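S.K.: Starting off with a structure, shown below.
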Amino acid sequence: MNWRVLVHLKPAVVDHRGEHVRREGRLAGLAGVTRVRVGQAYELTGGLSEKDARFLADRVLADPVTQEASVFPADHVRRPAGGRLAEIWLKQGVSDPVADTVRLAAKDAGLATLEGVRSGQVFDFFGAAAPKALRRFCEDHLMNPLVQTVEIL
């Protein structure tokens, strides 16, 4: 089964990057955003069980002191309550050294059924921002459209 892992800072940890993105959005004219939460996104493909995906999330992808990981089927992307989700991924064919490292760690942990990994960034935009405005903001301020794509949910 394919899995999606989202890694965010724990609620008790101040998300300075999220606050910076919120302020940058306000300066760029992005209306309706009250808070931004920033994290990492991973897509794990292959025959991993939920237990194995959770193991990778908790032991490899997240720092247990400052971060928490959510694991769910890759085709069931969760949008934050009261907001929108922007996932920024590398385009196919672009080198992904983070994904390469995750594959090596999975192999070292004996998880031979992991076939593929891709890594990206996730931005939870809370508030009432329009999807088109979020897409434009992400393309102009948070990514390089030559090598990355954005999905707004």
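S.K.: Let me confirm something: among ALA99, ALA112, ALA105, ALA128, which residue is among the small types (Gly, Ala, Ser) and more than 19 Å from GLY47 (Cα to Cα)?
M.R.: After ruling out the rest, the residue left standing is ALA128.
S.K.: Can you pull out every residue in region 99-145 that is in contact (Cβ under 8 Å) with a residue 40 or more places away in the chain and either in a loop (DSSP other than H, G, I, E, B) or surrounded by fewer than 15 Cβ atoms within 10 Å (Cβ to Cβ) (or both)?
M.R.: ALA109, LEU111, THR113, GLU115, GLY116, ALA128, ALA129, ALA130, PRO131, ASP140, HIS141, MET143
S.K.: Being without any contact (Cβ under 8 Å) to a residue 24 or more places away in the chain, surrounded by 12 or more Cβ atoms within 10 Å (Cβ to Cβ) and not β-branched (Val, Ile, Thr) narrows it down to one residue among HIS16, HIS20; which is it?
M.R.: Criteria check complete, one pass: HIS20.
S.K.: Further, regarding this structure: Being closer than 22 Å to ILE152 by Cβ, touching a residue at least 12 places away in the same chain (Cβ under 8 Å), over 15 Å from the mean Cα position of the chain (by Cα) and assigned to a loop (DSSP other than H, G, I, E, B) is true for just one of VAL94, VAL77. Which residue is that?
M.R.: Checking each option against the conditions leaves just VAL94.
S.K.: Evaluate region 35-44: report whether one residue or more is touching a Phe, Trp or Tyr at 6+ places or on another chain (Cβ under 6 Å) and of a type in the set (Gly, Ala, Ser).
M.R.: Scanning region 35-44 turns up no residue that is touching a Phe, Trp or Tyr at 6+ places or on another chain (Cβ under 6 Å) and of a type in the set (Gly, Ala, Ser).
S.K.: Now a separate question. Is it the case, given these coordinates, that ALA74 is at pLDDT below 95 and surrounded by 14 or more Cβ atoms within 10 Å (Cβ to Cβ)? Show your work before the answer.
M.R.: Working: at pLDDT below 95: yes; surrounded by 14 or more Cβ atoms within 10 Å (Cβ to Cβ): yes.
When the stated conditions are applied, ALA74 passes them.
The values are calculated or read from the model by the stated rules, or taken from the named source; none is laboratory data. The shown structure was predicted, so the numbers you read here are calculated from the model rather than taken from an experiment. No Cβ is skipped: glycine too gets one built from the backbone with ideal geometry, and neighbour counts run over all protein chains shown.
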